[in-house]
Amino acid sequence: MDSSLARRMLAASTEITRAALSAEDPDAVLPLVVRRAAELAEADLGVVTVRADDGRLTVEAAYGAPSAIGPLADPVGTVLSSRSAAARVARSGVPVVVDDLIDDPLTAPYVPAALRVYGPFAVAPFGTRERRLGALAVYRRRGASTFTRVAVDVLTSFAAQAGLALVLAEGSTARQRIAVYQERERIARDLHDVIVQRLYATGVQLEVLERRLSGQLAPADSARLSETMEQIDQAIAEVRATARTLRSADPETPDHAPALDDSMRSEVQIAGELMGRPPRLEIEGDLSDVPVQVADHARAALREALSNVVRHAGAKTVLVRVRRSDAGLLLQVVDDGCGIPRDVSKRGLRNLEERAVAAGGRCVITSSPDSGTTVTWEVPLTRLADPPLRDSQGGCDPG
């Protein structure tokens, strides 16, 4: 490899790494990756594909060089066969180069219509050995010179370095999101368990004082005291609403409680983004009439269970089962990971158990390095509504 090409590849790799680590969404860097790959390989078209669980690849970004003959159909969104050359490269990690896409039996049966105007073709694995994201391919128009061994080596090295940068960026983004995830839950718990309790205690003391001074206060002072207690009730309601919003998967949640099934799907989707593969979600029964307090506990319990999976399990598959029956609500999170490490803080697990007990239910956790972890969280559905902010004696409810 000549020194000029080596410098260009180093500069491109450095640019990709900087962009990936500074981007909020690493996938947004894919168009830059494919453009630099096409330029390094002196190709007419560059394409980056991402592999799905079933082995098929989808074109996520493409770049057509100024030298390309166009206009051509946009290949983004094209799904490639699991038997295509790119899919085989993504699985095996071994690059492939052919002189002509249409004539070579290795590629001819699997070339989508949008790419049939190209001839010389080279594809390299994109990602790392442990995390194969997909494949990075370059094309030249039919009749152009084939890709040299040097060009293929450059493409392979660049794809590996760019893939590593994106894998590292995904890990960094995941850690940041988990930190935000945990901080929102902590703030919500503090609001509910500390601030609301103090407001409640203050309201009780004021009511005791009101009863003791009954008939001794001027009408204006009695009215002012009653107004103060009403303001405390309102503050409790507002804090509870704020805590509910913080515990929602969507920070833009409106001021009413979100639908529980939608919340479950949102939590599973976020966990899937963090793990790189979506958990399977099974919902049985109608969740629309689950009491708000129970729904809040269930939502937070699912978030805690999935957070433990994301942080510690290293699982390949995760099943989330939610079942609503006449007897109660069952939430189960099953993973095939490494189990719960002994040296990991059990605070999150205690939160799960405390929430189940607070809702009148139970939480059972089984875990082993061989079979993974199963969290079974089950509560009855006896409370059909939030308790009032004042009881029959006029006391403030702690929430």
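A short reminder: the numbers here are calculations on the coordinates, not readings from a lab. This structure is a prediction, so every number in the text was calculated from the model and none was measured. Using ideal geometry, Cβ is built from the backbone for each residue, glycine included, and neighbour counts are taken over all protein chains shown.
Would you mind getting me the FRET efficiency between R8 and K316? Use the beta-carbon distance for r and R0 = 35 Å, nearest 0.05. Calculated transfer efficiency: 0.35. Suppose R0 equals 41 Å. What FRET efficiency, 1/(1 + (r/R0)^6) with r the Cβ-Cβ distance, do R142 and D336 give to the nearest 0.05? Calculated value: 0.30.
A simple spin-label model places the labels of A113 and D221 8.7 nm from each other, with each point 7 Å out along Cα-to-Cβ. The value given for the stretch 64-133 is a Kirkwood hydrodynamic radius of 13.1 Å, derived from the mean inverse Cα-Cα separation. Using 0.36 nm per residue and subtracting the Cα-Cα separation, the extra length available between D262 and V150 on full extension is 35.2 nm. The slack in the chain from V194 to E284, taken as 0.36 nm per residue of separation less the alpha-carbon distance, amounts to 28.9 nm.
Computed extension gain for R18 through Q234, at 0.36 nm per residue and net of the alpha carbon distance, reaches 72.9 nm.
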